[in-house]
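Presented below is the structure to which this report refers.
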Amino acid sequence: DTGVSQDPRHKITKRGQNVTFRCDPISEHNRLYWYRQTLGQGPEFLTYFQNEAQLEKSRLLSDRFSAERPKGSFSTLEIQRTEQGDSAMYLCASSLEGSRTQETQYFGPGTRLLVL
Amino acid sequence: KQEVTQIPAALSVPEGENLVLNCSFTDSAIYNLQWFRQDPGKGLTSLLLIQSSQREQTSGRLNASLDKSSGRSTLYIAASQPGDSATYLCAVKRGANSKLTFGKGITLSVRP
């Protein structure tokens, strides 16, 4: 168990560019979540997957955002035409749903995005 | 809509003090509640998870309690150490198939 990993850890981009982040969950976990966190705030939910199915999307997730989880393994989060307001820490979490004692969400280190 | 509040936003205590961090939520119909620790610029580390049917959970010097009817949870830290300095967030889950809703966190500083 190597934990949840995210890549890259930091990304600086210019407004209008597209960026893509990757998350590798804990291997046996069937749920994968994306959250966004700005300074001084708690994480805000963006979307989550059960295996490869995207089950819920937040209203925060505009049409410039898209997430995938092909084959129910790693996930990618793409932001098109980035805006300065997209600057935040993007956090990925995974969990094993189905057993109430194992539903702890484990978070990755995050990808910090700065849009100039 | 579920709202989670953590007050105060920051807390500074001398080393060795026992302390309580509070979390309140507006909708008592929760599935579980989780406490996390976050170090500056880092991801979240899960500390304790309390199911809706439980009243408390313990791990080492940490004890978390849950009172669903009053919409409150507390995280008790015994014999605080400078290494406990971090931001502590609580989060609630409404149902088995729902997301976590987080508070803004309490930034704790433990002075040597």
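Restricting attention to region A:88-116, and to residues there that are within 14 Å of chain B (Cβ to nearest Cβ) and more than 27 Å from B:Gly95 (Cβ to Cβ), which single residue is nearest to the chain's Cα centre (by Cα)?
First, pick out the residues of region A:88-116 that are within 14 Å of chain B (Cβ to nearest Cβ): A:88-114.
When the remaining residues are screened for being more than 27 Å from B:Gly95 (Cβ to Cβ), the result is A:109, A:111-114.
Values: A:Pro109: 11, A:Thr111: 9, A:Arg112: 11, A:Leu113: 12, A:Leu114: 16 Å.
The selected residue is A:Thr111.
Tell me which strands (runs of 3 or more DSSP E) are completely within region B:15-63 and hold 2 or more residues being aromatic (Phe, Trp, Tyr) and either under 16 Å from B:Ala91 (Cβ atoms) or open to solvent by 20 Å² or more (accessible area, probe 1.4 Å) (or both), or say none if there are none.
On the way: elements: B:19-25, B:32-38, B:44-51, B:56-59.
Correct list: B:32-38.
Going by the conditions given, is A:Lys11 in a strand (DSSP E or B) and more than 21 Å from B:Leu100 (Cα to Cα)? Let's see the steps before the verdict.
Values: in a strand (DSSP E or B): yes; more than 21 Å from B:Leu100 (Cα to Cα): yes.
Yes; evaluated as a whole, the condition is true for this residue.
Within region B:83-112, how many residues turn out to be more than 14 Å from A:Phe45 (Cβ to Cβ), within 14 Å of chain A (Cβ to nearest Cβ) and open to solvent by 50 Å² or more (accessible area, probe 1.4 Å)?
Filtering region B:83-112 for residues more than 14 Å from A:Phe45 (Cβ to Cβ) gives B:83-88, B:90, B:96, B:104-112.
In the following step, the residues that additionally are within 14 Å of chain A (Cβ to nearest Cβ) were identified as B:86-88, B:90, B:96, B:104-107.
If we keep only those that are open to solvent by 50 Å² or more (accessible area, probe 1.4 Å) too, we end up with B:104, B:107.
Looking only at that region, the number is 2.
Suppose we filter region A:35-64 for residues that are more than 10 Å from every other protein chain (Cβ to nearest Cβ) and either assigned to a strand (DSSP E or B) or open to solvent by less than 10 Å² (accessible area, probe 1.4 Å) (or both); how many remain?
Keep residues of region A:35-64 that are more than 10 Å from every other protein chain (Cβ to nearest Cβ), which gives A:36, A:38-39, A:49, A:51-54, A:57, A:59-64.
Imposing the further condition that a residue be either assigned to a strand (DSSP E or B) or open to solvent by less than 10 Å² (accessible area, probe 1.4 Å) (or both) reduces the set to A:36, A:49, A:53-54, A:57.
Number satisfying all stated conditions: 5.
With the structure loaded, tell me whether B:Ser80 is part of a strand (DSSP E or B), open to solvent by less than 60 Å² (accessible area, probe 1.4 Å), away from chain A (no Cβ under 11 Å) and in contact (Cβ under 8 Å) with a residue 60 or more places away in the chain or whether it fails that test.
Values: part of a strand (DSSP E or B): no; open to solvent by less than 60 Å² (accessible area, probe 1.4 Å): yes; away from chain A (no Cβ under 11 Å): yes; in contact (Cβ under 8 Å) with a residue 60 or more places away in the chain: yes.
Taking the combined requirement at face value, the residue does not satisfy it.
Given the conditions (1) at pLDDT below 95; (2) assigned to a loop (DSSP other than H, G, I, E, B); (3) more than 14 Å from chain B (Cβ to nearest Cβ), which single one is not true for A:Arg81?
With respect to (1) at pLDDT below 95; (2) assigned to a loop (DSSP other than H, G, I, E, B); (3) more than 14 Å from chain B (Cβ to nearest Cβ), A:Arg81 is out only on (1).
Scan region A:14-23 residue by residue and report those that are among the charged types (D, E, K, R) and either within 13 Å of another protein chain (Cβ to nearest Cβ) or within 10 Å of the chain's Cα centre (by Cα) (or both).
We begin by selecting, within region A:14-23, every residue among the charged types (D, E, K, R); these are A:14-15, A:22.
Within region A:14-23, just A:Arg22 meets the criteria.
Results for (1) open to solvent by 30 Å² or more (accessible area, probe 1.4 Å); (2) farther than 20 Å from A:Ser27 by Cβ, shown as yes or no for each residue.
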| site | (1), (2) |
| --- | --- |
| A:Glu68 | yes, no |
| A:Gly72 | no, no |
| A:Thr76 | yes, no |
| A:Thr82 | no, yes |
| A:Ser94 | no, no |
| A:Glu97 | no, no |
| A:Thr104 | no, no |
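Taking region B:64-75 on its own, how many of its residues are of a type in the set (Gly, Ala, Ser) and assigned to a strand (DSSP E or B)?
Filtering region B:64-75 down to residues of a type in the set (Gly, Ala, Ser) leaves B:64-65, B:69-71, B:73.
Subset that is assigned to a strand (DSSP E or B): B:64-65, B:73.
Looking only at that region, the number is 3.
Tally up the residues in region A:24-34 that are aliphatic (A, V, I, L, M) and within 10 Å of chain B (Cβ to nearest Cβ), please. Before you say what the answer is, go through the steps one by one.
At the first step, the residues of region A:24-34 found to be aliphatic (A, V, I, L, M) are A:26, A:32.
With the extra rule that they be within 10 Å of chain B (Cβ to nearest Cβ), the set shrinks to none.
Count: 0.
Looking at region A:10-31, which of its residues are buried (at least 16 other Cβ atoms within 10 Å of the Cβ) and at pLDDT 95 or above?
Across region A:10-31, the qualifying residues are A:Lys11, A:Thr13, A:Val19, A:Phe21, A:Cys23, A:Asp24, A:Pro25.
Report yes if A:Ser5 is open to solvent by 20 Å² or more (accessible area, probe 1.4 Å) and within 11 Å of another protein chain (Cβ to nearest Cβ), otherwise no.
Numbers: open to solvent by 20 Å² or more (accessible area, probe 1.4 Å): yes; within 11 Å of another protein chain (Cβ to nearest Cβ): yes.
For A:Ser5, the condition - open to solvent by 20 Å² or more (accessible area, probe 1.4 Å) and within 11 Å of another protein chain (Cβ to nearest Cβ) - is met.
The values are calculated or read from the model by the stated rules, or taken from the named source; none is laboratory data. Since this is a predicted model, take the numbers as computed values, not measurements. Virtual Cβ from ideal backbone geometry, glycine too; neighbours counted across all protein chains shown. Ligands, DNA and RNA are stripped out before the accessible areas are found, and what is left, the full protein with its side chains, is counted by its heavy atoms. Shrake-Rupley method; radii C 1.70, N 1.55, O 1.52, S 1.80 Å.
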